[in-house]
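To start, the structure under review is shown below, and the notes come after it.
Please treat every number below as a calculation from the coordinates, not as lab data. Note that this is a predicted model, so its numbers are computed, not measured. When we count neighbours, we look across all protein chains shown, and the Cβ atoms used for this are built from the backbone with ideal geometry, even at glycine.
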Amino acid sequence: MRNLTAPLALAAALLAAAPVHAKPADTEAAKKILKDSVAIPTVEGRGQVPKLAAYYASVLKAGGYADSDIEITPIGETATFAATLAGTGKGKPIVLLGHMDVVEADPKDWTRDPFVPVEEEGYIFGRGSEDNKFDVSMMVATMAQLKKDGFKPKRSIILLLSGDEETSMTTTRALAAKYKGAEFALNGDGGGGLIGEDGKPKYYGLQAGEKTYADFTLEVTNPGGHSSRPTDSNAIVQLANALAKVGAYRFTPQQNELTKVGMPIVADQVGGNIGAALKAFAANPSDAKAIAAIRADPEYVGQIGTTCVPTLTKGGHAENALPQRATANINCRIFPGVPVETVRAELEKAIADPAVKVKTDPDASASDASPLRPDVVAAVTKAVHARAPGLPIIPSMSAGATDSYHFRIQGVPSYGVAGLFSKASDSYAHGLNERVPVDAIAPALAHWDSLLRDLSK
């Protein structure tokens, strides 16, 4: 691989000739699991997640798992799922992560019914076909096949599926708390391969960190009064001044292992001025010219530090009255490892007005990035290069949240290692006519088989 830095170079050195494994799970069997999964509408409020969990349990039991190996735990109208392939050693288990729920879809807007899986034109269409039922189905199929093969891992492998990742993540938090003793987590809802429009793989993203999602409320209150008798204190004006300061404020740029390793590889992929800026920042995170260029590009601005933007405002109670209260929501995406309270205090300092109260969403909590473990990087490199020799592997940090976020909070290193390779033009996750290429199934099964056999040793 070109432009390997120390962690990736070490991982590459760990790649050794491995014995030929048993064949991965059957492609047609995995396709059936995917289609059956899409057909169960696991949308919030429909109470269908337990049905899908029971279906996955039936697939694994048919593969040889005992009732005692599988645990389905109802939580409200949804549920968690856990299936264990017991290890022969005493080491900490590895866990696989995915989610059973999907976002809502209105059939009136779709070309096909979103909850009737259709195989057409080389794709499987349906809500959740990409996010996240593709990789979940591949993991279920692989776990079943490993059991059928009589595979005996040294580390126990535990498949964990949440039931409300797209909404409150209550089930995610429950799983993370229960399995916080895991060695590490492999998440099928993060990372993955990008295929160019010419059909050739371009790179693989290894997701090892996520920015913290946190909302802050700005609030100004005063006595108000009749609008014909204005005063120097106007809640809306005070709030507007505070918002202008937030809008103009820039947090100090930051760098971590992920950005330091990944940016030079990304730079070679994108080239041009932004590529040069990314490479310059990786070498010197104080480079003012590079910082300015990256901040001007919406695609990369979030990679170099915390960002905060106003997203909602509300103020006043009558057209002819001075406002008694004005509020605004500030949405922040916080660089991994930075405490939420640190950001709140920095916003307060930037606003510099004691009349403006800055309140933190009580559900906000920070997580740090996961270290680039040589064994994980080596296994991912081996699995990816079996499909696309020499393909660049880019450690990445996501601005959105996955189940990995809560496992990292509990101290479990977590890695997005999805088996799906797809074109950007084929990615319709959360959108209309969501679909996944049929020919992505076989390589994804080989991907998961390789990872689990190698990392459970």
Margin query: Contact order normalised by length for the stretch 225-311, with contacts defined as Cα pairs under 8 Å and 6 or more residues apart; what percent is it?
Written below: 33
Item checked: Reference-scaled alpha-carbon Rg (2.2 N^0.38 Å with N residues) for the stretch 212-360 -> 1.31
Next item on the list: Putting +1 on Lys and Arg Cβ atoms and -1 on Asp and Glu Cβ atoms, find which of LEU312, SER396, VAL356 reaches farthest to the positive end of the dipole of the stretch 249-407.
Entry: SER396
Next item on the list: Work out the charge dipole of the stretch 89-225 with +1 on the Cβ of Lys and Arg and -1 on the Cβ of Asp and Glu about the Cα centre, then indicate which of GLY205, GLY181, ILE124 is farthest towards its positive end.
Entry: GLY181
Next item on the list: Could you give the size of the charge dipole of the stretch 125-248 about its Cα centre, using +1 on the Cβ of each K and R and -1 on the Cβ of each D and E, expressed in debye and rounded to the nearest 20?
Entry: 580
Next item on the list: Within 10 Å, count the other beta carbons around each residue, average over each peptide in 122-131, 180-189, and list them highest first.
Entry: 122-131, 180-189
Notebook entry, point to check: Hey, if you put +1 on the Cβ of every Lys and Arg and -1 on every Asp and Glu Cβ in the chain, which of VAL438, GLN410, LEU161 ends up farthest toward the positive end of that dipole?
Noted result: GLN410
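Starting from the Cα-Cα distance between ALA39 and ALA345, subtract it from 0.36 nm times their residue separation and give me the gain in nm to one decimal.
Stretched fully, the ALA39-ALA345 segment lengthens by 105.4 nm.
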Item checked: (1) 162; (2) 179; (3) 475, with the label sought being that of the calculated volume of the Cα convex hull per residue in Å³ -> (1)
Next item on the list: Any chance you could give the angle, 0 to 90 degrees and rounded to 10, that helix 27-38 forms with the longest Cα principal axis of the chain?
Entry: 40
Item checked: Radius 13 Å from Cβ of VAL436, net charge of other residues (Lys, Arg +1; Asp, Glu -1) -> -3
Check: Using the alpha-carbon atoms, what tilt in degrees (0 to 90, nearest 10) does helix 49-62 show relative to the longest principal axis of the chain?
Finding: 20
Next item on the list: Of the DSSP beta bridges with both residues in the chain, give the percent that are antiparallel, rounding to the nearest 5.
Entry: 65
Next item on the list: Please go through the residue pairs LYS202/LYS279; LYS61/LYS382; LYS32/LYS148 and name each one whose alpha carbons sit more than 22 Å apart in this structure.
Entry: LYS61/LYS382
Margin query: For the chain, take the longest principal axis of its alpha carbons; what is the angle in degrees between that and the long axis of helix 235-248, to the nearest 10 within 0 to 90?
Written below: 50
Note to self: If I stretch the segment between ASN433 and ALA248 completely, what's the gain in nm (0.36 nm per residue apart, minus their alpha carbon distance), one decimal?
What the structure shows: 62.7 nm
Next item on the list: Rounding to the nearest 20 debye, state how big the charge dipole of the chain is about its Cα centre with +1 on each Lys and Arg Cβ and -1 on each Asp and Glu Cβ.
Entry: 1220
Notebook entry, point to check: Taking Cα pairs under 8 Å and at least six residues apart, what relative contact order does the stretch 212-360 come out at, in percent?
Noted result: 42
Notebook entry, point to check: Using unit Cβ charges (K, R positive; D, E negative) and no other charged atoms, how large, in debye to the nearest 20, is the dipole of the stretch 212-360 about its Cα centre?
Noted result: 160
Next item on the list: With an 8 Å cut-off on Cα pairs and a minimum separation of 6 or more residues, tell me the relative contact order of the chain in percent.
Entry: 26
